[in-house]
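The values are calculated or read from the model by the stated rules, or taken from the named source; none is laboratory data. Because the structure is a prediction, the values reported are computed rather than measured. Glycine gets a Cβ as well: all are built from the backbone with ideal geometry, and neighbour counts include every protein chain shown. Keep in mind that these areas ignore ligands, DNA and RNA; they rest on the heavy atoms of the full protein, side chains included. Shrake-Rupley method; radii C 1.70, N 1.55, O 1.52, S 1.80 Å.
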Amino acid sequence: SVSRAIKPFAEPGRPPDWFSQKHCASQYSELLETTETPKRKRGEKGEVVETVEDVIVRKLTAERVEELKKILKETQEKYRQLKKDAELIQAGHMDNRLEELCNEIMM
């Protein structure tokens with residue numbers, strides 16, 4: 001059921017069997033094997049003990065946040081460069097490169 005639920009969020013270029021139940025199960029098993037099991041603490045009843053699943057979720061969430069920060073930074077840099085280029089074009093400072101820029105855009 002998880003494999004079907006996450007399929008719409010697939011990144012381009014994934015193989016067709018990436019979301020098969022078998023592949024998802026093997027990926028989950030690998031995560032369980034590579035994640036350190038949290039030490040159980042003796043404590044009061046009702047105390048929340050962190051599970052392996054919690055550790056995996058926290059780890060993957062942190063990784064995804066870092067990926068998104070990197071993508072955001074790259075996108076902002078690209079935006080700044082395009083804005084700078086647009087200002088130079090409007091000011092007439094890039095008239096000698098307009099044809100070259102048009103060819104780059106077309107490609």
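Some notes on this structure:
- Portion, in percent, of the accessible area of the chain that falls on carbon or sulfur, probe 1.4 Å: 56
- Working note: Karplus 6.51/-1.76/1.60 with θ = phi - 60° gives the stretch 95-100 the couplings 4, 6, 10, 4, 5, 4 Hz, where Gly and Pro are set to x.
- Protection-proxy order for peptides 18-25, 89-96, each taking the mean of Cβ atoms within 10 Å per residue, highest first: 18-25, 89-96
- Taking each residue as 0.36 nm, the span from L101 to E11 lengthens on full extension beyond its C-alpha to C-alpha distance by 29.4 nm.
- The chain: relative contact order as a whole-number percent, Cα under 8 Å and 6+ apart: 13
- Probe 1.4 Å, protein heavy atoms only - accessible area per residue of the chain in square angstrom: 94
- Mean residue ellipticity, 222 nm, helices only, the chain: the sum of -39500 (n - 2.57) across DSSP H runs of n ≥ 4, divided by residue count and rounded to 500, is -21500 deg cm²/dmol.
- Nearby aspartates and glutamates by direct alpha-carbon distance to K59 (threshold 12 angstrom, same-chain neighbours under 8 apart not counted): E36
- On Cα atoms only, tilt of 21-34 relative to the major axis of the chain in degrees: 70
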